[in-house]
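The values are calculated or read from the model by the stated rules, or taken from the named source; none is laboratory data. Given the structure is predicted, the values throughout are model-derived calculations rather than measurements. Glycine also receives a Cβ, built like all others from the backbone with ideal geometry; neighbour counts cover every protein chain displayed.
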Amino acid sequence: MAERIDGKKISAEIKEELKTEVAALKEQGKEAALAVIQVGADPASSVYVRNKKKACEYIGIKSLSYELSETSTEQELLDLIEQLNKDDAVNGILVQLPLPEHMDEDKVIKAISPQKDVDGFHPQNVGALVIGQEGFVSCTPAGIIQLLKRSGIEIEGKNCVVVGRSNIVGKPMALLMLRENATVTVTHSKTRNLKEICKEADILIVAIGKKEFITKEYVKEGAVVIDVGIHRDENNKLSGDVKFDEVEPIASAITPVPGGVGPMTIAMLMNNCVSTMRK
């Protein structure tokens, strides 16, 4: 039976370390503030924003909240971002996605100063990741690296298959695994022989947004399986992109949903915020 990789426990450890570090940095007169912008009142977004504020409070950094109505114009949002870019008291700017349809997400992401883009979505930060330079790294992939390392799972030299090629998870995940010296294959909706390719993986990372798509037929005996998906059924029960009950008996380690990758995203967001204090 697979070891369950406990994202709640590992994220709590990281937040505890950050809390200690923030207290020490404050003694040196260093402060941090994260500005969180939410447009509209999407219930899922509101939960995420609330969790981010709670995490800021816990580790000891300020969170500034900006709530714009659904009917706000794109220009109003861009003006607010510009104002926060110029504010030296603000270290990080986060625009909660998704945005209403009348706003261009790409344009909004590009408007955030790369030095304050704690989500790691700005093209400049993505480019820095590609060529191995310093910059903010997208929080979910960075969290997965921490899950693996803190669970004692060796990455170097392993075959890693990433299922999904999104800009937020799949692509940066592949780059981070390369940085850790894994041999990486990225698969997607047009990949042929997906089962056969997945079965070659020592570490299988699944981020495709399809409920319980990955069954035991896709998984090699003893593989490490990381499930990034999250789906809620009519009874409010959560599940991932991996059919957990089928895959758990053959994997060597696996992340559950909930309680696996999810908690790590906010922990790594906090790490990105604290990194601005370290300079």
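Can you name the condition, by its number, that Leu18 falls short on among (1) within 30 Å of Asn236 (Cβ to Cβ); (2) in contact (Cβ under 8 Å) with a residue 60 or more places away in the chain; (3) assigned to a helix (DSSP H, G or I); (4) of a type outside the set (S, T, N, Q)?
Tallying (1) within 30 Å of Asn236 (Cβ to Cβ); (2) in contact (Cβ under 8 Å) with a residue 60 or more places away in the chain; (3) assigned to a helix (DSSP H, G or I); (4) of a type outside the set (S, T, N, Q), Leu18 fails exactly one: (1).
Could you check segment 217-231 and list, in sequence order, the residues that are exposed (fewer than 15 other Cβ atoms within 10 Å of the Cβ) and part of a strand (DSSP E or B)? Before the answer, list the steps.
Step one: of segment 217-231, the residues exposed (fewer than 15 other Cβ atoms within 10 Å of the Cβ) are 217, 221-222, 231.
Within segment 217-231, just His231 meets the criteria.
Pairs only if they're at least six apart or on different chains, beta carbon under 8 angstrom, first in segment 251-279 and in the same structural domain as Ile203 (by TED's automatic domain parsing) and closer than 10 Å to Gly7 by Cα, second among the aromatic types (Phe, Trp, Tyr) and in a helix (DSSP H, G or I); list them, first residue then second.
Going by the 8 Å Cβ cut-off, the qualifying pairs are Pro256/Phe244; Val257/Phe244.
Yes or no: Ile205 within 27 Å of Ala12 (Cα to Cα), among the aliphatic types (A, V, I, L, M), at pLDDT below 95 and assigned by TED's automatic domain parsing to the domain that holds Arg150? Before you say what the answer is, go through the steps one by one.
Values: within 27 Å of Ala12 (Cα to Cα): yes; among the aliphatic types (A, V, I, L, M): yes; at pLDDT below 95: no; assigned by TED's automatic domain parsing to the domain that holds Arg150: yes.
Criteria not met by Ile205.
Check Val36 against each of (1) in contact with a Cys (Cβ under 9 Å, 6 or more places away or on another chain); (2) surrounded by fewer than 13 Cβ atoms within 10 Å (Cβ to Cβ) and name the one condition it does not meet.
For Val36, the exception is condition (2).
Among the numbered conditions (1) among the polar types (S, T, N, Q); (2) surrounded by 13 or more Cβ atoms within 10 Å (Cβ to Cβ); (3) assigned to a helix (DSSP H, G or I), tell me where Ser63 comes up short.
Among (1) among the polar types (S, T, N, Q); (2) surrounded by 13 or more Cβ atoms within 10 Å (Cβ to Cβ); (3) assigned to a helix (DSSP H, G or I), Ser63 violates only (3).
Taking Glu217 as meeting all but one of (1) in the same structural domain as Lys149 (by TED's automatic domain parsing); (2) within 18 Å of the chain's Cα centre (by Cα), write down the number of the exception.
Going through (1) in the same structural domain as Lys149 (by TED's automatic domain parsing); (2) within 18 Å of the chain's Cα centre (by Cα) one by one, Glu217 breaks only (2).
Take the residues of segment 196-213 that are aliphatic (A, V, I, L, M) and in contact with a Gly (Cβ under 9 Å, 6 or more places away or on another chain): which is surrounded by the most Cβ atoms within 10 Å (Cβ to Cβ)?
Of the residues in segment 196-213, the ones aliphatic (A, V, I, L, M) are 197, 201, 203-208.
Filter once more, so that each one left must be in contact with a Gly (Cβ under 9 Å, 6 or more places away or on another chain): 205-208.
Working: Ile205: 28, Val206: 30, Ala207: 23, Ile208: 20.
Going through the qualifying residues, I end up with Val206.
Looking only at segment 85-98, filter to residues that are in contact with a helix residue (DSSP H, G or I) (Cβ under 9 Å, 6 or more places away or on another chain) and surrounded by fewer than 22 Cβ atoms within 10 Å (Cβ to Cβ); which one of those is nearest to Glu67 (Cα to Cα)?
Gln96
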